[in-house]
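Right, one structure below, let's go through it.
Nothing in this text is a laboratory measurement; each read-out follows from the coordinates by a stated rule. The shown structure was predicted, so the numbers you read here are calculated from the model rather than taken from an experiment. FYI the Cβ positions are ideal-geometry reconstructions off the backbone, even for glycines, and counts take in every protein chain you see.
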Amino acid sequence: MTSTQLTELSFSVSGRVARPVAVVYEAVADPDQLSSYFATGGAQGRLEPGSDVTWDFADFPGRFPVAVVEAEKPRRITIEREAQHATGGAGTTRATFEFASLDNDTRTLVTITEASWLATPDGAKSAFGNCEGWTGMLIAMKAWVEHGINLRAGFYR
């Protein structure tokens, strides 16, 4: 039997939102909406190439830059950001948000894939933390887009 050595860690999380794909895409791309349910300290800049984008979170205070690699409305957004224990150039990870229309565009499947971290205990801890964060984002986005409820309000403070 041959053994394949694990060299990097990545993950994907998915969820369904009962709104058309263009509406769900905007909930991620638009900084005002993103600030309403995810970036608890505020998002600045639209998620599109060339924008000056920063995010701030109550649970991880301090603005940090987000580089938009690709934005194909309403199907895909790809970002890069600095991360500890990452394998990407200069210690970055790459997250891709994919939006797929379901049920005659009455629902949207959102899949977030992020890569990659070192295959070490510290890399695994960072990857698991980000996986938890993106899963929380999907849950919060569903509540916000479908019902106007901010699940993160007061959650971290």
Using alpha-carbon coordinates, inclination of helix 121-147 to the longest axis of the chain, degrees: 10 degrees
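Which three semi-axes in whole Å describe the equivalent ellipsoid of the stretch 78-157, each the square root of 5 times a Cα gyration tensor eigenvalue, listed largest first? Show your work: numbers first, answer last.
Values: eigenvalues 148, 60, 18 Å².
Listed largest to smallest, the semi-axes of the stretch 78-157 are 27, 17, 9 Å.
Please state the equivalent ellipsoid semi-axes for the stretch 8-147: what are the square roots of 5 times the Cα gyration tensor eigenvalues, largest first, in whole Å?
24, 17, 14
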For the stretch 43-127, with only Lys/Arg (+1) and Asp/Glu (-1) charged at the beta-carbon, what is the dipole magnitude about the Cα centre, in debye rounded to 20? 20 debye
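Quick check on the stretch 1-73: what does the Kirkwood estimate of hydrodynamic radius come out to from the alpha carbon pairs, in Å? Walk me through the numbers on the way to the answer.
Details: mean 1/r = 0.0692 Å⁻¹.
About 14.5 Å for the stretch 1-73.
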Label model pair Thr113, Ala100: point-to-point distance (7 angstrom along the Cα→beta-carbon line) in nm is 1.1 nm
Give, as ranges by residue number, the residues of the stretch 106-134 whose backbone N falls under 18 Å from the point 7 Å along Cα→Cβ of Tyr156. 126-134
How would you order 110-119, 68-77 from highest to lowest mean count of nearby Cβ atoms within 10 Å? 110-119, 68-77
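Sort the following peptides by mean Cβ neighbour count (other Cβ atoms within 10 Å, averaged over residues), highest first: 44-52, 94-102. Could you put the intermediate results ahead of the total?
Details: 44-52: 14.7, 94-102: 18.2.
So the peptides 44-52, 94-102, ranked by packing, come out 94-102, 44-52.
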